[in-house]
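Notes to accompany the following structure.
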Amino acid sequence: MSSLDRLFQLLPQRQLGDRYRLDRCLGDGTYGYVWKAERLSDNAIVAVKIPKAQGGKNSDLEEGRSLIEAPRHRNVIDIYWMGRVLPEKEVFAIEMEYFNSSTLSFILDARDDRFVASYRYLLGIYEQVLDGVTHLHQLGVTHGDIKPQNILVQGDHAKITDFGSSMYTQDIYARSRENGGTVLYSPPEFAGLTTRQRDGSPGIAHDIYSLGVLLYQLLTGHLPHDTLAQVVRHAPFPKPRELNSSICPNLEKVVLRCLEMKPEDRWHSVDELRNAFNKAYHVQMAFNTDRPYMVDAHQPQGDWSSRTLDLMEKEEWRSAENVASTEYKQSGDPFAFLLMIRAAFRDERYFDVLQSLEASPEMLVNETSVIGDLEYLALESYLRTERIYDAARMVDRCVERQGDLPGLLLRKASILGLMARYEESRDMLLLLNKMLPRRQAILRRLVMVYEQLRDFDQVDAFRRVVSG
C-alpha cells in the first residue's frame, strides 16, 4: 500500500487539509488519483487530482497551471487551482471542474450500438475535440497526449482533460517522452524519445498527428500501429477505407494527411484540419451515416518494443534492457539500442550506459534517428559520473544539434562553473534569466557563481530574489 493510500484511509471524514472533503475516487492511473470532492470554502463539487509523485518539485506536478487564468471553453475541463494543501502542505493537489461523464475509451470499449454505430455521434464528438484543441492552441498551449482516455463524454458533450504533457509551444525545456504521452498516439518524431525539438511548431504537429490517430480509430476501430517500434519507423498501415468501406474518400484524405510521417506534410494548424474535416463530414453524412459494428474487432499485436515498454513501466529496468539488447543484436535496430541505453540510465547505472556507448562508438557517429537522444543520455551520464570534460564536449554537440534549448544551456552553464570558467558561466546564466525570469534553478546557480567571483552585492541581490 502506498503512502498516499494510507493517507486517504487515515484522513478524518476524508477531509484533505482545510480545502476539501473527499467523496469518492473517480480514477487511479499512472499519474495519480482523481477524486470527486466538496470544496469546503463554498461547498462546490469539484474534481481533485492528487499526483502519486508527491515528493517531486511543485513545478514537476503543476499540470496545466497555464490554464488557470485562461478563458474558459466548453470543450476543455476547467482548472481552478493547484498547490500544497494547508495546513500541513504535505499533499499537492490540482482542483478541476467536476464533469459527470465517461471516457471516450470506455464508450468505445463498451461498443454500445447507440454510440459507436453512428458516424453522426462519433464525428460530432470528434468535432468538439477539435474545438477544444483549437482553443488550447490559440492560448499557445499544445496538449501532447490526445487519446480516448483523455476525452470525457457526457451524452453528446465532450471535454478534453489531463494536461500532464501540455506546455506552452515556446517552452522548449527537454522532457522525457516515456511517461508524458501514450506512444501509439504519438508521431514518429516524438514516440519514445527523450529530447524535444527546438521550436514550437512540432508541438502543434504532434497534436495534429494524435488527432489523426484518434479519427482513424473512430472510423475503423483500429489504431494505425500496434507497437512502439512500428510508430517510430512509421510502418505501413491499412488506409481507413481498406478496413471500412463505409468511409467516404474525403474523410480518408483528412485522416491520412494528419498521419504523414514528416511534420511539415501534415495539416499546418488545427484550424486548417477543422475546415477540411467539416467539409468531409457533410460528404460522409450524404455517403453513409451508419458505422459498421464489426469494425471494433481488432486486437493489437505486440512485439519486442511492447515488451520493453511494459517492463519499463513496471520499472523492471534490467529485464527491459535485456529485451532491447537482444533485439539490437539480432536486427541492429538503432531504436532498440536507444531503449537498451535508456533502461540502464533509468536504473541509474550510468557507468553501464557509458560502457555500452563506448563499446558501440558508431552509435554516436552515424546519423540515425536516435543520435540526438543518445547524445543527451551520454551528456547526463557524464555529468552523473563527474566526467566534466567529456560532458563539456557532449553538451556542445547537443546544442549544435538541438539549438539553444534552455535546459541544455543551463547544463552548459553548470559545466562552465565546474571548470572554473565563472565569467562565461555567469554570462550564460544571465542570458537564461532574461529568457526565463525568476526560475529557481537559474537563480541558485547565479548565487553560486557570484560567490566564486566574490561579487557579494550580486550574491545578496539574487539571494533576496530566491527567498522572495
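When you check Glu252 against the structure, is it modelled with pLDDT of 95 or more, closer than 30 Å to Tyr121 by Cα and not in a helix (DSSP H, G or I), yes or no? Here the answer is no, as Glu252 does not meet what is asked. Against the list (1) of a type in the set (A, V, I, L, M); (2) without any contact (Cβ under 8 Å) to a residue 60 or more places away in the chain; (3) closer than 27 Å to Val365 by Cβ, the condition Leu429 fails is (3).
Residues in the stretch 310-336 that are within 20 Å of Gly372 (Cα to Cα) and either aliphatic (A, V, I, L, M) or part of a loop (DSSP other than H, G, I, E, B) (or both): Ala324, Gly332, Asp333, Ala336. Suppose the filter is surrounded by fewer than 18 Cβ atoms within 10 Å (Cβ to Cβ) and either without any contact (Cβ under 8 Å) to a residue 40 or more places away in the chain or closer than 24 Å to Pro224 by Cα (or both); does Thr308 pass it? No; evaluated as a whole, the condition is false for this residue.
Could you list, in sequence order, all residues of the stretch 345-371 that are buried (at least 18 other Cβ atoms within 10 Å of the Cβ) and modelled with pLDDT under 95? The answer is Val370, and nothing else.
Scanning the stretch 287-304 for residues being outside any helix (DSSP H, G or I) and either modelled with pLDDT under 80 or under 19 Å from Ser118 (Cβ atoms) (or both) gives a total of 10.
For the stretch 210-249, which residues satisfy the criterion of being surrounded by fewer than 20 Cβ atoms within 10 Å (Cβ to Cβ) and without any contact (Cβ under 8 Å) to a residue 40 or more places away in the chain? Once the filter is applied, which keeps residues that are surrounded by fewer than 20 Cβ atoms within 10 Å (Cβ to Cβ) and without any contact (Cβ under 8 Å) to a residue 40 or more places away in the chain, the stretch 210-249 yields Ala235, Pro236, Phe237, Pro238, Lys239, Arg241, Glu242, Ser245, Pro249. Take Ile247 and tell me if it is under 21 Å from Pro148 (Cα atoms), outside any helix (DSSP H, G or I), of a type in the set (A, V, I, L, M, F, W, C) and assigned by TED's automatic domain parsing to the domain that holds Ala158. Yes: the conditions hold for Ile247. Going by what's in this entry, would Val465 be described as within 23 Å of Glu189 (Cα to Cα) and β-branched (Val, Ile, Thr)? Spelling it out, it is not the case that Val465 is within 23 Å of Glu189 (Cα to Cα) and β-branched (Val, Ile, Thr).
Lys253 satisfies every condition listed in (1) touching an Asp or Glu at 6+ places or on another chain (Cβ under 9 Å); (2) among the basic types (Lys, Arg); (3) closer than 26 Å to Gly203 by Cβ except (1). Just one residue in the set Arg257, Arg307 is modelled with pLDDT of 95 or more, assigned to a helix (DSSP H, G or I), under 27 Å from the mean Cα position of the chain (by Cα) and charged (D, E, K, R); that residue is Arg257. A single entry from Arg384, Arg401 fulfils the requirement of being modelled with pLDDT under 95 and closer than 19 Å to Leu357 by Cβ: Arg401.
Scanning the stretch 337-394 for residues that are in a helix (DSSP H, G or I), under 27 Å from the mean Cα position of the chain (by Cα) and of a type in the set (S, T, N, Q) gives a single hit, Ser381.
Just one of (1) over 30 Å from Cys248 (Cβ atoms); (2) among the charged types (D, E, K, R); (3) surrounded by 13 or more Cβ atoms within 10 Å (Cβ to Cβ) fails for Glu313. It is (3). When each of Glu38, Glu90 is tested for being part of a loop (DSSP other than H, G, I, E, B), at pLDDT 70 or above and over 28 Å from Leu139 (Cα atoms), the lone residue that passes is Glu90.
Screening the candidates Leu416, Leu431 for the property of being outside the structural domain of Leu228 (by TED's automatic domain parsing) and either closer than 29 Å to Ala191 by Cβ or surrounded by fewer than 21 Cβ atoms within 10 Å (Cβ to Cβ) (or both) yields one hit, Leu431.
Scanning the stretch 128-162 for residues that are among the acidic types (Asp, Glu) and buried (at least 21 other Cβ atoms within 10 Å of the Cβ), we see that the one that is farthest from Gly27 (Cα to Cα) is Asp145. Candidates in the stretch 437-454 are the residues that are assigned to a loop (DSSP other than H, G, I, E, B) and exposed (fewer than 15 other Cβ atoms within 10 Å of the Cβ); of these, the one that is modelled with the lowest pLDDT is Arg438.
The values are calculated or read from the model by the stated rules, or taken from the named source; none is laboratory data. Treat the numbers as computed from the prediction; the structure is a model and nothing was measured. Note that each Cβ is placed from the backbone with ideal geometry, even for glycine, and that neighbours are counted across all protein chains shown.
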